[in-house]
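Since the structure comes first, as structure tokens, the remarks are kept for the end.
The values are calculated or read from the model by the stated rules, or taken from the named source; none is laboratory data. From a predicted model like this one, the values you see are computed outputs, not experimental measurements. Cβ coordinates were reconstructed from backbone atoms using ideal geometry, including for glycine residues, and neighbour counts include every protein chain displayed. Side chains are part of the model used for accessible areas, which takes the heavy atoms of the whole protein and leaves out ligands, DNA and RNA. Shrake-Rupley method; radii C 1.70, N 1.55, O 1.52, S 1.80 Å.
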Amino acid sequence: RGKDERYRVRMPKLRVAKEYKDKRKSIDDTERNIFKFKKGSEEKSKKMDKEEKLFRETFMYDREIRVLGTARAERSVPSARRADLPLTAGEQLDVIDAVQGHAVICRNAQGRYGYVLVEHLNFR
């Protein structure tokens, strides 16, 4: 018995286990938070739904909204009418529908819809 105690290394097992447990708990919490929806994204989706409803009423658009392609605004253009979409240079737009004439219906990153002249867009 004397020899066993002499070579035995005593480790504070509870302290190590508690530290490990706390560390593991914090890792698990961060992983679980990935799958939860944030309030900001929920508010953003409500705003997008509101913009879509306004678009459908304004443009009398009853078809499914499908993105035909993407385009980049070449220059900044303020909106002259309520139906026009204001542009900033370099902004990426989703082209929703090609209308007769020189205008297309586009959607910007904030979810706003409106007419944009083809001259202001770069389709590359």
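Worth a mention:
- Heavy-atom accessible area with a 1.4 Å probe sorts 82, 107, 56, 112, largest first, into 82, 112, 56, 107.
- With all protein chains in place and ligands, DNA and RNA left out, the 1.4 Å accessible area ranks 120, 102 as 102, 120, largest first.
- Per-residue HN-Hα couplings for the stretch 73-87 [Karplus 6.51, -1.76, 1.60; θ = phi - 60°; Hz; x = Gly/Pro]: 6, 7, 9, 7, 9, x, 8, 8, 10, 5, 7, 7, 9, x, 10
- Residue 53-residue 124 FRET efficiency (beta carbon distance; Förster radius 22 Å; 0.05 resolution): 0.10
- Accessible surface, 1.4 Å probe, highest first, among residues 52, 64: 64, 52
- Length-normalised contact order for the stretch 65-122 - Cα pairs under 8 Å, 6+ apart - percent: 34
- Spacing of the modelled spin labels on residue 109 and residue 61, each 7 Å from Cα toward Cβ, amounts to 2.0 nm.
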